[in-house]
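K.L.:
Below is one structure. I have some questions about it.
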Amino acid sequence: MAPSKVSSAAQLKDAYKRVTETIAETAERSGRRADSALMVAVTKTASPDQIRQLVEMGHRDLGESRVQQLTQRVAALDEFMNRRRTMAGAATRTSHSDDQLPDAVRWHMIGTLQRNKVKQVVPIVQLIHGIDSLRLAEELHNYGAQKDVTIDVLIQVNASGEITKHGVASPAVIHLAEQIDSMIHLRLRGLMTMAPLDDDPEQARPVFARTAELFNDIRDAGIGEGHVTVLSMGMTNDYQVAIEEGANLVRIGRALFGEDEQG
Ligand SMILES: *Cc1c(COP(=O)(O)O)cnc(C)c1O
């Protein structure tokens, strides 16, 4: 469960340790390697200080769901990283070690991407998790063609059938995967899903199991030339169940940063 508030650096460190250990234990318990599930830290409720602290602990993968917050946070963190690198370069013998600071962080766009925001988002992220329509895929592909880049994407699956949820209905996923596979400026990397929020994480299990099945179907069909390796599912409430059902990327916000919206 998420702590209601994570205010000090020590609390963040504890929360980070707890979550990463739980992820590793759950993967092992499911018969997989302890390091087989990547954690994306979702910074929606994090303060700028907390984001810097997490990166200083050596964490590399960060996620945002809204474009405006994403662009602001990427810019702020870039500035911090550059400053740290300059400082590290200026001093040949630094008294405090910079060993933990990664060379670069990887941002993940985990929310719904509007087509008119493609050009803002693509240059600053590593992976786009929420492809939910052919039109969005086409828009991304056009942008990739213009810039001569290949964009890594996940299809978002609406495996629960809830009409309020974004994502592609299960029966249409394979077809969209094939269409994306034919677009040379997109690289299909896998699937993403969100389970309905419920106090009981077991409620999420069928949704994750169904998405994992689709993921395996895509791989078995040979779609994506071996690039389809990412199964992004599980959040604070349900990431253990998600890993048990095969997730190899979990997106964790509140368990790290607490419940409070801090902008
Ligand atoms: C906010 C969000 C998360 C993180 O949710 P928590 O419950 O805070 O862990 C994960 N994925 C998506 C798509 C989100 O919007």
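The values are calculated or read from the model by the stated rules, or taken from the named source; none is laboratory data. Just so we're clear, the structure is a prediction, and the values are computed from it rather than from any experiment. Here the Cβ is made from the backbone with ideal geometry for all residues, glycine too, and neighbour counts use every protein chain on show. What goes into the accessible areas is simple: the full protein's heavy atoms, side chains included, and nothing from ligands, DNA or RNA. Shrake-Rupley method; radii C 1.70, N 1.55, O 1.52, S 1.80 Å.
K.L.:
Condition (residue is at pLDDT 95 or above, open to solvent by 10 Å² or more (accessible area, probe 1.4 Å) and within 19 Å of T26 (Cβ to Cβ)) applied to the stretch 214-224: is it met by at least one residue?
P.N.:
Yes, that holds for at least one residue.
K.L.:
If the requirement is being within 16 Å of the ligand (Cβ to nearest atom), open to solvent by 40 Å² or more (accessible area, probe 1.4 Å) and in a loop (DSSP other than H, G, I, E, B), which of these qualifies: T112, T20?
P.N.:
Of T112, T20, the one residue that is within 16 Å of the ligand (Cβ to nearest atom), open to solvent by 40 Å² or more (accessible area, probe 1.4 Å) and in a loop (DSSP other than H, G, I, E, B) is T112.
K.L.:
What's the total number of residues in the stretch 26-69 that are touching a residue at least 12 places away in the same chain (Cβ under 8 Å), away from the ligand (no atom under 16 Å from the Cβ), among the hydrophobic types (A, V, I, L, M, F, W, C) and assigned to a loop (DSSP other than H, G, I, E, B)?
P.N.:
Residues flagged as touching a residue at least 12 places away in the same chain (Cβ under 8 Å), away from the ligand (no atom under 16 Å from the Cβ), among the hydrophobic types (A, V, I, L, M, F, W, C) and assigned to a loop (DSSP other than H, G, I, E, B) within the stretch 26-69 amount to 1.
K.L.:
Taking the stretch 141-173 as the region of interest, how many residues are farther than 17 Å from A209 by Cβ and open to solvent by 20 Å² or more (accessible area, probe 1.4 Å)?
P.N.:
Counting residues in the stretch 141-173 that are farther than 17 Å from A209 by Cβ and open to solvent by 20 Å² or more (accessible area, probe 1.4 Å) gives 14.
K.L.:
Now, a different point. Identify all residues within the stretch 127-140 that are open to solvent by less than 40 Å² (accessible area, probe 1.4 Å) and assigned to a helix (DSSP H, G or I); write none if there are none.
P.N.:
Correct list: L136, A137, L140.
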